[in-house]
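*Asks:* Please see the structure below; I have some questions.
Values in this text are rule-based calculations from the coordinates and carry no lab data. None of the values given here were measured: they were computed from a predicted structure. Glycine gets a Cβ as well: all are built from the backbone with ideal geometry, and neighbour counts include every protein chain shown.
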Amino acid sequence: MSEHNHPYIPNSQKEIKQEMMREIGIKGIDELYADIPKKYSLKKPLNLPEALSEFEVKKHIETLLAKNKSSDNMPMFLGAGCWPHYIPAVVKEVIQRSEFLTAYTPYQPEISQGILQALFEYQSMICELASMEVANCSMYDWASALGEAARMAVRVTGRREILVPKIIHPERAAALQVYTEPAEIIIGQVAYEKKTGQISLNNLRDKISDKTAAVYIENPSYLGFIETQVDEISKEADNHDALFIVGIDPTSLGVLKPPGDYGADIVIGEAQPLGNAMNFGGPLLGIFACRDDMSLIRQTPGRIIGLTTTMDGSRQGFCMTLQTREQHIRREKATSNICSNEALCAVASAVYMALLGPQGIRELGETIAYNVNYAMHLLSEINGVKAPIFDSAHFKEFTVNFDQAELSVKEVHEKLLHNNIHGGKDISKEFPELGETALYCITEIHSKKEIERLAEVLAKIVSKR
Amino acid sequence: MCMFKQASWNQPVIFNMGKNGRRGHILPKVEEDIRNAIDLDSCIPKHMRRENLPKLPELSEVEVVRHFVRLSEMNYGVDSGLYPLGSCTMKYNPKINDMLASLPTIGMVHPYQDEGTVQGILEILYKLERWLAEITGTYEVCLHPAAGAHGEFLGTLLMLTYHKMNGESEKRREVIVPDSAHGTNPASATMAGFNVMVVPSDEDGCVDLEALKSVVSEKTAGLMLTNPNTLGIFEKNISEIAKIVHEIGGLLYYDGANLNPILGKARPGDMGFDIVHINIHKTFSTPHGGGGPGAGPVGVAKELAKFLPVPRIVLDSERYSLDYNRPHSIGKIRSFYGNIAVLLRAYAYILSLGFDGLKEVAEISVLNANYLMKKLKKIKGLTLPYNSKKPRKHECVFSAKLLKNDTGVSALNIAKRLLDYGVHAPTIYFPLIVEEALMIEPTESFEKEELDRFAEVMHEICEEAYRNPENVLNAPHNTAVSRLDEVKASHPKTMALSWRMYLKKNKQK
Ligand SMILES: Cc1ncc(COP(=O)(O)O)c(C=O)c1O
């Protein structure tokens with residue numbers, strides 16, 4: 001150790017150490033390590049950086065991070081599972097409260113009512129948005145929530161097959177594969193209608209059977225369009241006693257019909273856009289909700305906070321519930337292994353939803369829809385650009401195709417970047433059948449000026465080819 | 001002794017607050033030209049439109065702030081006081097790290113940005129991987145897992161994939177865990193499709209070698225071990241354990257929840273562990289946030305590296321990039337690349353301490369635990385099962401069985417009574433092999449004065465148990481609320497898992 005005591009380690013002072021060692025009855029701290037076999041005890045320092053002072057750490061990291069470009073200094077049109085939204089100052093303030101920030105999971109509810117109530121309110125507001133009755137206090141992200149939902153459907157129904165749309169985020173599909181393979185779950189793909197992107201009902205009817213544990217759809221879909229045949233899909237699942245799982249972007253639920261209103265049994269999704277920063281893709285906040293049905297509730301993964309009273313019944317309070325589902329008690333028979341989750345992100349989302357309220361959530365959805373439709377309108381007028389490729393209504397994201405312009409997404413992207421604009425995600429490798437297509441995202445933070453500039457620059461790029 | 005008094009706001013559930021029409025936040029207005037150009041009604045099919053607004057509360061910004069500040073005042077964190085929650089390593093969370101993690105140059109960065117525009121964060125993550133590999137003695141580290149249990153899931157999947165590559169996955173169906181293991185270990189192994197075999201501990205609190213020899217077989221896929229284990233005891237026979245597991249063709253998995261006391265002292269990789277997860281939110285000081293987000297990176301031996309999830313961060317002549325071209329990769333266990341804002345804090349933490357500092361962290365965490373253990377051993381009613389003479393590492397597990405027999409006061413009651421003194425309770429009833437367990441982990445973050453006070457409070461509570469057990473049995477008295485009815489909370493008739501469900505049930509009555 002260097003000449004001074006480290007600010008994080010109060011007992012590193014020599015005299016204190018000696019006093020403590022005297023109490024223990026040892027002469028050196030190494031005596032406490034005597035049971036580690038000699039051959040494993042490190043003989044030389046590890047190859048790690050020299051310790052820096054707080055100021056130096058700050059400088060070093062700020063300098064590195066300054067090499068990043070952010071949506072603060074470059075208009076960006078990326079979404080695809082992680083979305084740019086404005087985060088009100090209040091949200092940041094609340095999640096910096098160190099009583100929340102530096103607490104563990106609320107194992108002692110009497111001293112943890114604050115986080116418990118905040119998480120209960122998160123669960124409750126998610127239920128209001130999705131029109132469901134039960135929500136857990138978080139999964140790691142949408143992708144892992146999908147994996148868990150599929151496994152849960154298999155436990156509930158005793159069947160082994162999950163049907164998912166062909167149009168799905170490839171990373172979610174990959175995680176689903178990894179989560180379900182060890183449980184020998186079969187993933188079936190349902191084709192889409194070429195013209196609209198909508199799930200092919202015929203193909204669904206061909207594939208669904210009494211072996212199907214669940215039908216999964218995303219709304220809005222990965223490629224941004226609104227899945228409209230929800231009643232038909234729900235009925236199809238119901239007819240075969242399969243569960244209906246719906247994946248959502250909660251920012252859509254001020255304007256779009258909530259999945260609980262069209263028969264969803266399980267709702268999953270990504271709540272990062274409700275008050276959480278993008279942070280280069282993490283932490284995220286997986287939504288997991290279900291109907292008020294004990295056969296579902298008992299199989300739900302993750303922590304669930306419940307409202308109760310004190311023992312004497314004198315006062316309302318909150319605690320973790322149904323822990324017999326969880327790994328601390330149930331061990332290898334637990335509904336999931338998830339322990340630490342994304343609680344503080346859920347608090348952020350609770351604050352965000354409370355700030356927006358019913359009117360704000362509707363306005364958020366409307367503003368996004370206005371901006372997106374305006375952008376689609378402008379881009380589709382550019383000769384050589386097709387936006388969107390599907391003849392369907394879109395919410396926050398849409399496809400932009402450059403086939404007629406004979407340009408690759410990559411070429412367009414590089415030229416945009418040259419103009420300090422970051423275009424949408426290249427999906428030409430994910431969906432080769434859709435040609436040179438990118439997925440663009442527009443939210444309430446994109447101004448009319450930025451959208452118009454995007455259209456202008458794109459028009460120039462396409463005309464100059 | 002001076003007692004504590006937590007704030008006890010009678011704070012209604014947020015749905016019972018506010019007034020119709022109040023607004024907590026105003027969004028940017030849709031610009032006039034856009035409004036004129038777009039007919040919103042035609043943009044969303046009628047039958048897909050939401051009819052009724054969601055029943056969210058309607059509050060002003062002021063009320064929202066006050067509500068959540070009051071809630072925070074009814075919560076207790078490491079910054080509030082001693083938090084000796086065993087196995088959870090509740091150390092100080094440096095403020096500079098939070099500050100750096102909230103910079104827009106990380107917050108406003110999108111995961112699909114062009115690599116040229118994210119060189120800074122890629123460099124940080126790349127270096128963090130290297131440092132964690134160095135600290136754990138592993139070959140490559142993957143930062144993707146969102147928590148320890150997520151890392152365990154990845155780790156057990158890697159076991160599965162490894163055996164599959166060797167054509168042995170059909171045969172190797174069993175993962176062994178000690179009876180002292182954390183519940184996530186067996187739960188993770190099951191998720192990866194394995195059957196769980198439990199191996200008992202010997203009288204020293206370590207894996208019983210004879211028992212281990214009798215459970216391993218050609219069906220063994222691997223062993224999951226925490227070292228130091230959940231009793232705070234170093235598995236001194238680790239060399240033999242590794243040999244037994246490896247000779248039979250199994251892999252050795254390290255649950256890194258207890259890495260703190262061996263930082264810079266010894267490395268799991270050197271001990272023969274093939275797969276190692278790290279709880280960043282424990283050892284590397286990132287705030288636990290009341291239950292996450294954390295991060296659970298996984299380090300592996302060379303022959304397993306090719307199976308790690310994609311993308312991998314690679315460095316090619318000073319340019320960092322994301323490499324998806326890994327044909328043997330298991331794929332993905334989540335979206336994107338990990339809990340980056342958490343990992344960034346760990347990077348700052350390592351930089352703030354360096355090798356010497358990390359070693360000091362380990363040593364003081366062990367010194368603190370043994371110091372506290374020495375003091376607590378003197379308390380009537382408490383015993384230290386499993387070789388009470390042996391030093392512990394970062395934590396010690398006492399039993400309150402004797403106290404319970406004498407007075408009726410259980411580990412749970414002690415935990416609740418501790419809260420009255422403004423001290424967070426230890427972990428209780430874990431590990432399962434200690435009856436009436438009190439698992440105490442002071443970490444390196446608390447000064448001797450606080451440790452002394454904790455010992456005094458424990459002493460006082462145990463004396464009180466003999467003198468006036470009622471008062472302990474009815475604790476806590478000084479927290480926001482008294483003991484909660486947890487049975488009611490989980491009973492199908494009374495269970496209220498959301499405000500909606502609560503209203504529905506109360507209407508029925
Ligand atoms: C020994 C041990 N293993 C694993 C875990 C799981 O870690 P996490 O909560 O990060 O998933 C914990 C923490 O609760 C633990 O104490």
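*Asks:* Residues with beta-carbon under 11 Å from that of B:LEU158, excluding B:LEU158: net charge, scoring Lys, Arg +1 and Asp, Glu -1? All intermediate terms of the calculation are to be shown ahead of the outcome.
*Replies:* Details: positive: B:LYS164, B:LYS306; negative: B:GLU152, B:ASP274, B:GLU303.
In short, -1.
*Asks:* Considering every residue in A:387-393, what mean count of other chain Cβ atoms within 10 Å of its Cβ is obtained? Write down the numbers at each step before the final one.
*Replies:* On the way: counts 0, 0, 0, 0, 0, 1, 5.
Counting Cβ atoms of other protein chains within 10 Å of each residue's Cβ and averaging gives 1.
*Asks:* For the peptides B:248-255, A:280-287, B:95-102, what is the packing order when you average, over each peptide's residues, the other Cβ atoms within 10 Å and list the highest mean first? Don't skip to the end; give the middle numbers.
*Replies:* Numbers: B:248-255: 25.5, A:280-287: 29.9, B:95-102: 18.9.
Averaged packing, sorted descending, gives the order A:280-287, B:248-255, B:95-102.
*Asks:* So if the hydrodynamic radius of segment B:100-352 is defined as the Kirkwood radius over C-alpha pairs, what does Stokes-Einstein give as its diffusion coefficient at 4 °C and 1.567 mPa s, in µm² per second? Could you put the intermediate results ahead of the total?
*Replies:* Details: Rh = 18.5 Å.
Rounded, D is 70 µm²/s.
*Asks:* Of B:LYS393/B:LYS416; B:LYS213/B:LYS302; B:LYS91/B:LYS393; A:LYS92/B:LYS504; A:LYS17/B:LYS359, which pairs sit farther than 23 Å apart, going by alpha carbon to alpha carbon? If you can, show how the numbers build up before the last one.
*Replies:* Values: B:LYS393/B:LYS416 26 Å; B:LYS213/B:LYS302 27 Å; B:LYS91/B:LYS393 15 Å; A:LYS92/B:LYS504 33 Å; A:LYS17/B:LYS359 15 Å.
The answer is B:LYS393/B:LYS416; B:LYS213/B:LYS302; A:LYS92/B:LYS504.
*Asks:* I'd like the orientation of helix A:113-130 relative to chain A: the angle between its Cα long axis and the longest Cα principal axis, in ° from 0 to 90, rounded to 10.
*Replies:* Rounded to the nearest ten degrees, it is 10.
*Asks:* With helices defined as uninterrupted DSSP H runs, which ones in chain B have an alpha carbon span along their own long axis of at least 27 Å and mean Kyte-Doolittle hydropathy of at least -0.5?
*Replies:* On the way: long enough: B:340-376 (40 Å, 0.82); B:448-467 (28 Å, -0.93).
Correct list, ordered by number: B:340-376.
*Asks:* Give the shape of segment A:14-65 as rounded, prolate or oblate, defined through the alpha-carbon gyration tensor: a ≥ b ≥ c are the square roots of its eigenvalues, a/c under 1.5 means rounded, and otherwise the shape is prolate if a/b is larger than b/c and oblate if not.
*Replies:* Details: a/c = 4.89, a/b = 1.78, b/c = 2.75.
Oblate, because a/c is 1.5 or more while a/b does not exceed b/c.
*Asks:* Give the long-range amide H neighbours of A:GLY269: residues separated by 5 or more places, or on another chain, with amide H under 5 Å away, using H modelled in the peptide plane at 1.01 Å from N.
*Replies:* A:ILE248, A:ILE287
*Asks:* Now for a separate question. Residues with beta-carbon under 10 Å from that of A:PHE77, excluding A:PHE77: net charge, scoring Lys, Arg +1 and Asp, Glu -1? Write out the running numbers ahead of the final one.
*Replies:* Working: positive: A:LYS425; negative: A:GLU397, A:GLU450.
Neighbourhood net charge equals -1.
*Asks:* Return the sequence-ordered ³J(HN,Hα) values of segment B:320-327 in whole Hz as given by the Karplus equation 6.51 cos²θ - 1.76 cosθ + 1.60 applied to θ = phi - 60°, using x for Gly and Pro.
*Replies:* 8, 8, 9, 9, 9, 8, 10, x
*Asks:* Let me ask something else about it. Within chain B, which is the longest segment containing none of the GluC sites (Glu not before Pro) that sit in a DSSP loop and have at most 11 other Cβ atoms within 10 Å? Show your work: numbers first, answer last.
*Replies:* Values: sites that count: B:GLU51, B:GLU170, B:GLU203, B:GLU218, B:GLU318.
Formally, the longest exposed-site-free interval is B:319-509.
*Asks:* Listed here are the pairs B:LYS5/B:LYS377; A:LYS211/B:LYS505; A:LYS449/B:LYS55; which of them are more than 32 Å apart at the Cα? The partial results should precede the final answer.
*Replies:* Values: B:LYS5/B:LYS377 28 Å; A:LYS211/B:LYS505 35 Å; A:LYS449/B:LYS55 34 Å.
Over 32 Å apart, Cα to Cα: A:LYS211/B:LYS505; A:LYS449/B:LYS55.
*Asks:* Quick check: the angle from helix A:142-157's long axis to the longest principal axis of chain A, C-alpha only, nearest 10 degrees?
*Replies:* 90 degrees
*Asks:* A further question follows. Volume per residue, Å³, of the convex hull around the alpha-carbon atoms of chain A? Provide the component values of the computation, followed by the final result.
*Replies:* Numbers: hull volume 96.6 nm³, N = 465.
About 208 Å³ per residue, rounded to a whole number.
*Asks:* With a cut-off of at most 13 other beta carbons within 10 Å, and DSSP calling the residue loop, which chymotrypsin sites (Phe, Trp or Tyr not before Pro) in segment B:308-367 qualify? Please list them.
*Replies:* On the way: sites: B:TYR320, B:TYR324, B:PHE336, B:TYR337, B:TYR347, B:TYR349, B:PHE355; in loops: B:TYR324, B:PHE336, B:TYR337.
Loop-located and lightly packed - B:TYR324.
*Asks:* Another question, then. Where does the charge balance sit around A:CYS345 when Lys and Arg score +1, Asp and Glu -1, over other residues with C-beta under 11 Å from its C-beta?
*Replies:* Values: positive: none; negative: A:ASP141, A:GLU270, A:GLU342.
So the environment of A:CYS345 carries a net charge of -3.
*Asks:* Please compute, for peptide A:18-24, the average count of beta-carbon atoms on other protein chains lying within 10 Å of each residue's beta-carbon. Show your work: numbers first, answer last.
*Replies:* Details: counts 0, 2, 9, 3, 1, 7, 8.
Across A:18-24, the average partner-chain Cβ count within 10 Å equals 4.
*Asks:* Using a 10 Å cut-off around each Cβ, can you sort A:VAL57, A:VAL267 from fewest to most neighbouring Cβ atoms? Could you put the intermediate results ahead of the total?
*Replies:* Details: A:VAL57 21, A:VAL267 31.
Fewest-to-most ranking of A:VAL57, A:VAL267: A:VAL57, A:VAL267.
*Asks:* How far is helix A:230-239 tilted, in degrees, relative to the longest principal axis of the Cα atoms in chain A, given as a value from 0 to 90 rounded to the nearest 10?
*Replies:* Between the helix axis and the principal axis of chain A, the angle is about 70 degrees.
*Asks:* Which value in deg cm²/dmol, rounded to the nearest 500, describes the helix-derived mean residue ellipticity at 222 nm for chain A, given -39,500 (n - 2.57) per DSSP H run of n ≥ 4 and division by the residue count? Write down the numbers at each step before the final one.
*Replies:* Details: 14 runs with 168 residues, N = 465.
Dividing the helical sum by the residues of chain A leaves -11000 deg cm²/dmol.
*Asks:* If you don't mind, another one. If the limit is 18 Å between Cα atoms, which of A:LYS195/A:LYS386; A:LYS429/A:LYS464; A:LYS410/A:LYS448; A:LYS235/A:LYS257 go over it? Before the final figure, lay out each step's value.
*Replies:* On the way: A:LYS195/A:LYS386 13 Å; A:LYS429/A:LYS464 25 Å; A:LYS410/A:LYS448 25 Å; A:LYS235/A:LYS257 16 Å.
Long pairs (Cα-Cα over 18 Å): A:LYS429/A:LYS464; A:LYS410/A:LYS448.
*Asks:* Which of A:VAL372, A:SER463, A:HIS446 sits closest to the plus end of the dipole of segment A:357-463, meaning its Cα is farthest towards the positive end, when Lys and Arg get +1 and Asp and Glu get -1 on the C-beta?
*Replies:* Of the listed residues, the answer is A:HIS446.
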